[in-house]
Amino acid sequence: MPYAHPTVEHYTPLFVTLGAATTPGSVRTRLTHLPKGTHMKRRAQLAGLLALPMLWLVGIYIFSLVMLLITAFWTTDPFTSKVKPGFTFDNFEQLVANPSYSAIALRTLGIALAVTVLSVLISVPLGIFMAKIAKPWLRALLAVAITLPLWAGYLVKILAMRVTFTEEGFFNSVFAPFGISGPGFSQTTVILTLTYLWLPYMAVPVYTAIRQLPPNLFDAAADLGAGAWRTIRTVVLPLIKPAIIAGSVFTFSLSLGDYIAAKFVGGSTQMIGSVIASNINLNPPIAAAFAVVPIAFVVIYLLSVQRTGALERM
């Protein structure tokens, strides 16, 4: 016999018992014809609840982005260095025409992608080991080790990587006798530093997704003759793809907007943030125009992954 969803009439005895009404019709009347003051009170409560978040979102966050976009179309007087309001595409044309600006934008994009890929390569096997193999005490220890970078200050973590990998750092001091030298002040050190900074934002969602996978999936894959790497490639990765995409949004966007790492461990390596920081006082319209570039990169990436459903899990 098919299941029939209960209607309001099924609950009539309950309404009578509670004294709410004597018929379902009267219940509907009471629900739809509330006193006018009740509606006003609820609207006031809702307005009070949303006032602060909407003030932050619209009055500060969105307003500042709009002002940034407007400033990108202004000009700077070459004689007085004062910003003049107006409307021109010269700043954006300069970004395209200047080879150094294009190279810096592509370099920043490549660094962000490299950090994201490296974070995935570390997070997936680590997440499998923590969720399916490690003992509880070891799992807890690894969880602390992964989230440890979040406990320290931003500059402290960058200086730790500088002390470790630069010319006079720990790596060279230990391995120099064996003819092995560290990356020094280079783009490689920037990628390693950014991976160290943002790895927790990838590792945590990946570990959570792998932990939710039933253990019999791994047993079934082994029974069918799949090795460890084939199981990861054909079973694990398709199932945790939304978690990887969710984590990549953080690693990708945070790496695009960073420039402190390049300043302290990159040597001559420049990123988009480096150009923005150097022009924010000298030529604010150019800085504003260049700031639109990482925003455009992130928007394009979000539009390309929105159909996967990963953004709903963030």
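By its C-alpha gyration tensor, with a ≥ b ≥ c as the square roots of the eigenvalues, how is segment 90-313 shaped: rounded for a/c under 1.5, else prolate for a/b larger than b/c, else oblate? Oblate is the answer for segment 90-313, as a/c is 1.5 or above yet b/c matches or exceeds a/b.
Packing, taken as the mean count of other beta carbons within 10 Å per residue, orders the peptides 81-93, 228-240 from highest to lowest as 228-240, 81-93. Near Gly48, once Lys and Arg are set to +1 and Asp and Glu to -1 for all other residues with Cβ below 13 Å from its Cβ, the sum equals +3. A 29 angstrom limit on the alpha carbon distance is what I want to check against. Which of Lys135/Lys241; Lys132/Lys241; Lys135/Lys263 exceed it? Correct reply: Lys135/Lys263. Per residue, the average separation of C-alpha pairs within less than 8 Å and at least 6 apart gives segment 236-314 a relative contact order of 37 percent. Of the residues Thr147, Thr208, the one with the fewest other Cβ atoms within 10 Å heads the list, and the complete ranking is Thr147, Thr208.
Oblate is the label for segment 48-201, because a/c, from the alpha-carbon gyration tensor with a ≥ b ≥ c as root eigenvalues, is 1.5 or above and a/b does not exceed b/c. Net charge of the neighbourhood of Thr269, taken over other residues with C-beta under 14 Å away and scored Lys/Arg +1, Asp/Glu -1, is +2. Between Leu55 and Lys84, the FRET efficiency estimated from the beta carbon spacing at R0 = 30 angstrom works out to 0.45.
Annotation: amide H-H contacts under 5 Å for Thr75 (H modelled 1.01 Å from N, sequence separation of 5 or more, or interchain): Lys84, Gly86. Each principal axis of segment 139-250 carries a Cα extent, and these read 51, 33, 26 Å when sorted largest first. Peptides 241-252, 213-224 ranked from most to least packed, by the mean per-residue count of other Cβ atoms within 10 Å: 241-252, 213-224. Each pair of Cα atoms in segment 192-260 enters the Kirkwood radius, and Stokes-Einstein at 37 °C and 0.692 mPa s then converts it into a translational diffusion coefficient of 245 µm²/s.
Rule-based calculations on the coordinates, nothing more; no lab input. In this text, all values refer to a predicted model and were calculated from it rather than measured experimentally. Here the Cβ is made from the backbone with ideal geometry for all residues, glycine too, and neighbour counts use every protein chain on show.
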